[in-house]
Amino acid sequence: KEHQSAHWHDKHRDQCKLIQRAPERLRRAHRLESTRRNAEGGDPVAQFCMGAIEFYGMGLQQNEERAVHWYALAAAQGDSDAQYSLGVCFATGAGVDEDRSESIKWLRRAAFNGDVQAQEMLRAQGW
């Protein structure tokens, strides 16, 4: 009987922890849906964010192909973070076939738009 009581207390403690975390999880889910709506509406910052969310699997299952989709939409609108990320994807073959010329194209656009990481990567690769 004492063992059952200890088990019940452990189970209750675990449920309380879940309840305490629920508001943050709900806020995160709401932010994710809001970001998705904005991305689908054409907001390049939200599109870049959706790319990062999909690429790293933050709140969603990791999906590099979907990440590239979002990065490409934002990059086409001039978002330098998305241009850099898309360039890296093409350089490494993450979510797309490896393509040096596409990588250079997007890294150069990002570098032109002031992205220091893109500038450094181009310099390091001799591109």
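The values are calculated or read from the model by the stated rules, or taken from the named source; none is laboratory data. Please read all numbers here as calculations on a predicted model, not as lab measurements. Glycine gets a Cβ as well: all are built from the backbone with ideal geometry, and neighbour counts include every protein chain shown. Note: accessible area is taken over every heavy atom of the protein model, side chains too, but ligands, DNA and RNA are not part of it. Shrake-Rupley method; radii C 1.70, N 1.55, O 1.52, S 1.80 Å.
Could you please give the count of residues in segment 95-122 that are in a helix (DSSP H, G or I) and within 19 Å of the chain's Cα centre (by Cα)?
To start, the set of residues in segment 95-122 that are in a helix (DSSP H, G or I) comprises 100-112, 116-122.
From what is left, the residues that are within 19 Å of the chain's Cα centre (by Cα) are 103, 106-107, 110, 117-118.
Number satisfying all stated conditions: 6.
Note down all Cβ pairs under 7 Å where the first residue falls in segment 56-73 and is over 18 Å from D97 (Cα atoms), the second is acidic (D, E), and they're at least six residues apart or on different chains.
Cβ pairs passing all conditions: L60/E54.
Suppose we keep only residues that are within 22 Å of A94 (Cα to Cα) and more than 11 Å from the chain's Cα centre (by Cα) within segment 29-60. Which one would you say is surrounded by the most Cβ atoms within 10 Å (Cβ to Cβ)?
We begin by selecting, within segment 29-60, every residue within 22 Å of A94 (Cα to Cα); these are 36, 39, 44-60.
Checking the rest, the ones that are also more than 11 Å from the chain's Cα centre (by Cα) come to 36, 39, 44-45.
Details: R36: 17, A39: 21, P44: 19, V45: 15.
Restricting to residues being within 22 Å of A94 (Cα to Cα) and more than 11 Å from the chain's Cα centre (by Cα), the top hit is A39.
Could you list, in sequence order, the residues of segment 56-102 that are of a type in the set (F, W, Y) and more than 17 Å from W127 (Cα to Cα)? Show your work before the answer.
So the first thing to find is which residues in segment 56-102 are of a type in the set (F, W, Y), and the list is 56, 70-71, 84, 90.
Hits for segment 56-102 are Y56, W70, Y71.
State which residue is least open to solvent (accessible area, probe 1.4 Å) when the search covers only segment 71-127 and only residues that are of a type in the set (D, E) and closer than 17 Å to D43 by Cβ. Lay out the reasoning, then the answer.
To start, the set of residues in segment 71-127 that are of a type in the set (D, E) comprises 79, 81, 97-99, 102, 115, 120.
This time we only want the ones that are closer than 17 Å to D43 by Cβ, so: 79, 81.
Numbers: D79: 27, D81: 75 Å².
For segment 71-127, the residue satisfying everything is D79.
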